[in-house]
1. Quick one: what pairs do we get from the range 36-47, first residue in a helix (DSSP H, G or I), second modelled with pLDDT under 95 and of a type in the set (A, V, I, L, M, F, W, C), C-beta under 6 Å, 6+ apart or different chains?
2. Looking only at residues in the range 53-99 that are in contact (Cβ under 8 Å) with a residue 40 or more places away in the chain and not hydrophobic (A, V, I, L, M, F, W, C), which one is surrounded by the most Cβ atoms within 10 Å (Cβ to Cβ)?
3. For Arg47, indicate whether it is basic (Lys, Arg), surrounded by 10 or more Cβ atoms within 10 Å (Cβ to Cβ) and touching a Phe, Trp or Tyr at 6+ places or on another chain (Cβ under 9 Å).
4. Does Ala75 meet the test of being modelled with pLDDT of 95 or more and out of contact with any helix residue (DSSP H, G or I) (no Cβ under 9 Å at 6 or more places or on another chain)?
Amino acid sequence: MIRPAGAALALTVGLLAGCSSSHPAPPHFGDVLAAKVNADAMLTHLRAFQDIADAHKGNRAEGTPGFAASVDYVAKALRSKGFDVSTPQFDRLYTASPGQPTLTVSGHDYAVDQASLLVQTPPAG
């Protein structure tokens with residue numbers, strides 16, 4: 001007759017043995033990715049994005065043809081590397097509130113400049 005403690009131990013060992021993996025742990029993905037990223041490759045993509053902006057009157061903002069061209073560029077680049085890419089359409093929720101927001105720190109109010117993705121940098125920077 002098996003004692004309850006022995007049965008519990010046998011069950012635990014059996015469960016743990018069934019959970020073990022015969023496959024080695026995968027390499028550290030972050031290290032592999034970091035080794036493949038370099039400034040020249042990034043600059044190539046940045047130039048492509050600038051070319052897209054130039055072809056669309058300097059605009060790649062959401063909802064514009066420049067944005068759509070940017071999405072197409074990224075999807076094509078990822079597909080060429082073997083990724084399965086989908087680009088579903090969705091409605092963006094706008095959560096910006098009009099007005100003059102302030103930030104209060106230790107009883108002092110500071111005016112806040114709201115960032116906007118629609119504000120363009122002048123050509124000179």
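The values are calculated or read from the model by the stated rules, or taken from the named source; none is laboratory data. Everything numeric here is computed off the predicted structure, so don't read it as measured data. Note that we place each Cβ from the backbone using ideal geometry, even for glycine, and neighbour counts take in every protein chain shown.
1. As it stands, the answer is none, since no pair meets every condition given.
2. Filtering the range 53-99 for residues that are in contact (Cβ under 8 Å) with a residue 40 or more places away in the chain and not hydrophobic (A, V, I, L, M, F, W, C), the one surrounded by the most Cβ atoms within 10 Å (Cβ to Cβ) comes out as Asn59.
3. no
4. Here the answer is yes, as Ala75 does meet what is asked.
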